[in-house]
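The values are calculated or read from the model by the stated rules, or taken from the named source; none is laboratory data. Note that the coordinates shown come from a computational prediction; the quantities given were computed from them, not determined experimentally. Don't worry about glycine lacking a Cβ; one is built from the backbone with ideal geometry, like all the others, and counts go over all protein chains shown.
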Amino acid sequence: MIGSYVKTSGRNIMRNKLFSFINILGLAISMSVGLLLIAFLLDLRSYDRFHENGGRIHRITNILTSNSEQSGKFATTSIKTGKLIREKVNGIEEVTVMRNNFSGDARVGDNILPISGFWAEPSLFRVFSFPMVEGNPETALKDPYSVVLTETAARKLFGTQAALGKTIQVDTLVYQVTGIMKDVPFFSHISFEALVSLSTAEQTNKGDKHFAEWTNMWSNSVYLLPSENADMEAIRSQLSAFAREENLAEENTRIELELLPLYNIVVGESLRQSEGGPGFAGPHMSPAVLWILVGLAAVVILSACFNYTNLSIARAMRRIKEIGLRKTIGAGKSQVQLQFLAEAVLISLAALLLSFLLFLVLRPLLINMAPEMQQMVKLNLTPSMVVAFIVFAVTVGVIAGFLPAIFFSKVSPINAFGSVSSVKMFKHLTLRRALVVIQYTVTLIFITTTAVGYVQYKNILAFDLGFSTANILNINMLDNKPDVMLKELSEMPEVTGLSRSLITTGVGNAWGGNMKYKDSRDSALVMTNHVDENYLPLHDYKLVAGGNFIARPATAQATGEVIVNRQVLKRFNISANNPGNAIGEQITLNGRKMTIVGVMQDFHYGKVENLIGPVAFTFWTPEDRAIISAKIKSADMPATIARIESVWKKIDPVHPFTAEFYSEEIENAYSEFSTMIKIIGFLSFLAISVASMGLFGMVVFTTETRLKEIGIRKVMGASVGNLIHLLSRGFLILLSVSALIALPATYFFFKTVVLPNFPYHTPVQITEMSVGLLAVLLIAFIMIGSQTLKAARSNPVAVLKNE
């Protein structure tokens, strides 16, 4: 029976080559998107699955509330949290604490290489499945100044020599290599080259009373391995109980603890992370973004399925006799349905072969679309992926063939030679017309969304941040002192200005502190930056009162001047928001009394989607890390950058030159947005391609079936123009209906969903909305016009000679 279905389906496919080609190509194009999505989802699902007890591992997340204002959820917590869990929480098999940001230049003889990783406890190897190649995992991280290296790190530092038992020097400290472990798999949310015993950090921070405090949650993470069949609700209750106890000792800070399953870290809620380096947050994909991608891919795939449905039902008159004959000789509804489903699945499997080739072509394009993609997925072919592809193709075939199968199975043998055009979806619309409207509505939404999104993205990049970024190169000095670099740069004629700062503003970086006005108990988190006397004029910040820094303190404790923006005056009602009267007023920032010496016009400290808030600039001191901003005026920019890089190599031959133009940093800050625009634009191209092929097939079929009518009309005196209007009118009406639905829907979507997230957006213009409509109408006109013109020019004698 199955062989008969396949054989009959093959004959029908070969008999209708054009329609089969349109269906196979349309399905292949859309299915390639499905294959990419399947590979992407399987890669995301692969994260941390190599851990033997991965299903039981949880990470502690912190919810911080400061001064009654919630600061968000953090991937980090305090070291004290780990100790309290060991002491007070029942139902826990293992606990491990990790500390972020171990990094430095490792020296082995004359070999110097940068290395990074975590401080960790011996229990890490009992919670996670990181196999040890050499050394004892139970004791490797027990003693201070012990380090475990990955195989790659050991080779980089020691070459072919044995590393176990040897020493490495990082900065001024010497560590003994007590273990060699396998490299961390790609699909791990944490990545590192080295693990240093946490007891080392405890010893080197003995004099820091804040190191193990409850509120010092910025650089550590705690992972739990609950006992098998543990009561997770009971564990959560115990966490909440001791968190309440600890919060009683804090005046303005409250921390709540939550459990996050290991498998929900990569695809799950976005968490904040306050420190740089190899962090605990790891690669991340928001479930909302994932659902959007799934939805967009589903729409493109359904568009191709609509093509199949439309063309299959359009050809109903040619197959109606076949169905009538089958039913006359005893075929039931289910057998007719299986026949058409088999045909659709066969076409879908044929499309799978072509879509797989497209998948191989598109895979590197997707991975290279953004740096985040390269760090998150590989999209390598695996046996499970192949199985998923085949199941996907069969599913698409069933979806595509479902409506035709239902449609044809209801045909009565008695009415097999009657009209089938009476099948209605709505009162005045046939099923085929409804599908065309839906298909083109979706296509128009895709294209219009891409056009509007691209314009908004370009407007964001060109947005007036309140300071100048033109031709400014930001050089990250890493841990190097900036003096030598500044001297060398100042001697280059192409460099017209130089300044130092702690961070780069306007790209999402943040550095903050608590501010109070006079002796008030009211305090608020204020964003800060440490800048030198050249920073404001170099970036053209606008001072509305006061002036630049006067003092030149050498230490952070000696800083006593602050320059604030107008939002600070508004937040604390300083001098009734009068900038001139605010000069000389006293504020307290991070416990230090400071005098306001200048008031800046408000500017964008964060990204454009963030509201402008209170900002304070204090003076940069040699204790701070340094970003050198160099204003460059050069006729040969690449040559100038090469000269600056050669200066860097003299200062630091170990670390790579890390510098970007401010405009590039701003563009990178919105890479997620630009990536989404690229993906939607790509899907728009596919959607319009698939829809156009379907429209082409419908036009070809319509003109073929109306050739005799056209011939009669020509004999009766109809002109070519009249015939084109007659044949294209129905399709153009359908496209107009699609436009009336799609354009308002897109406008409403941006107005109510997207743009409210960008307080400083520009209004959506009618020109942006019209681009997609004009593109679709142009393509549709070409498709319809070429075929109707061909039919209208046909010789009536040749068409009517047998009548």
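Which residue is farthest from residue 19 (Cα to Cα), if the candidates are limited to segment 706-751 and must be charged (D, E, K, R) and in a helix (DSSP H, G or I)? Among them, the one singled out is 751. Among the criteria (1) closer than 30 Å to residue 19 by Cβ; (2) under 25 Å from the mean Cα position of the chain (by Cα); (3) crowded, with 20+ Cβ neighbours inside 10 Å, the one residue 783 does not fulfil is (2). The sole residue among 86, 99 that is in a strand (DSSP E or B), charged (D, E, K, R) and either surrounded by fewer than 23 Cβ atoms within 10 Å (Cβ to Cβ) or under 35 Å from the mean Cα position of the chain (by Cα) (or both) is 99.
Among residues of segment 731-750 that are free of Cβ contacts under 8 Å to residues at least 24 places away in the same chain and surrounded by fewer than 21 Cβ atoms within 10 Å (Cβ to Cβ), none has a beta-carbon under 9 Å from a residue that is assigned to a helix (DSSP H, G or I) and acidic (Asp, Glu) at least six positions away or on a different chain. Checking segment 483-504 against the condition returns a match, with at least one residue being farther than 25 Å from residue 466 by Cα and among the small types (Gly, Ala, Ser).
The rows are residues; the columns are (1) of a type in the set (D, E, K, R); (2) at pLDDT below 80; (3) within 18 Å of residue 493 (Cβ to Cβ); (4) assigned to a helix (DSSP H, G or I).
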site	(1), (2), (3), (4)
639	no, no, yes, yes
672	yes, yes, no, yes
675	no, no, no, yes
678	yes, no, no, yes
690	no, no, no, yes
695	no, yes, no, yes
704	yes, yes, no, yes
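Where strands (runs of 3 or more DSSP E) sit wholly within segment 107-195, those with at least 3 residues that are more than 24 Å from residue 78 (Cα to Cα), without any contact (Cβ under 8 Å) to a residue 60 or more places away in the chain and not hydrophobic (A, V, I, L, M, F, W, C) occupy 173-181. Any chance segment 214-227 includes a residue that's over 23 Å from residue 93 (Cα atoms) and without any contact (Cβ under 8 Å) to a residue 24 or more places away in the chain? No: zero hits. Filtering 550, 596, 632 for residues that are more than 30 Å from residue 494 (Cα to Cα) and of a type in the set (Val, Ile, Thr) leaves a single hit, 596. For the condition β-branched (Val, Ile, Thr) and either at pLDDT below 80 or closer than 30 Å to residue 463 by Cα (or both), residue 737 does not qualify. Hey, can you tell me all the residues within segment 235-273 that are in a strand (DSSP E or B) and under 22 Å from residue 128 (Cα atoms)? Passing the criteria: 257, 258, 259, 260, 261, 267. Can you tell me which of (1) surrounded by 15 or more Cβ atoms within 10 Å (Cβ to Cβ); (2) in contact with a Pro (Cβ under 7 Å, 6 or more places away or on another chain); (3) at pLDDT 95 or above is the one residue 175 doesn't meet? Tallying (1) surrounded by 15 or more Cβ atoms within 10 Å (Cβ to Cβ); (2) in contact with a Pro (Cβ under 7 Å, 6 or more places away or on another chain); (3) at pLDDT 95 or above, residue 175 fails exactly one: (2).
Checked against (1) surrounded by 19 or more Cβ atoms within 10 Å (Cβ to Cβ); (2) under 27 Å from residue 296 (Cβ atoms), residue 762 meets all criteria but (1). For residue 542, the requirement of being out of contact with any helix residue (DSSP H, G or I) (no Cβ under 8 Å at 6 or more places or on another chain), within 30 Å of residue 456 (Cβ to Cβ) and surrounded by fewer than 16 Cβ atoms within 10 Å (Cβ to Cβ) is met.
Just so you know, in segment 574-626 the residues that are in contact with a Lys or Arg (Cβ under 7 Å, 6 or more places away or on another chain) and part of a helix (DSSP H, G or I) include one that is nearest to residue 541 (Cα to Cα), and it is 579. Considering every residue within segment 627-636, establish whether at least one is assigned to a loop (DSSP other than H, G, I, E, B), assigned by TED's automatic domain parsing to the domain that holds residue 485 and touching a residue at least 12 places away in the same chain (Cβ under 8 Å). Yes: one or more hits.
Residues in segment 488-500 include none that are part of a loop (DSSP other than H, G, I, E, B), crowded, with 20+ Cβ neighbours inside 10 Å and at pLDDT 85 or above.
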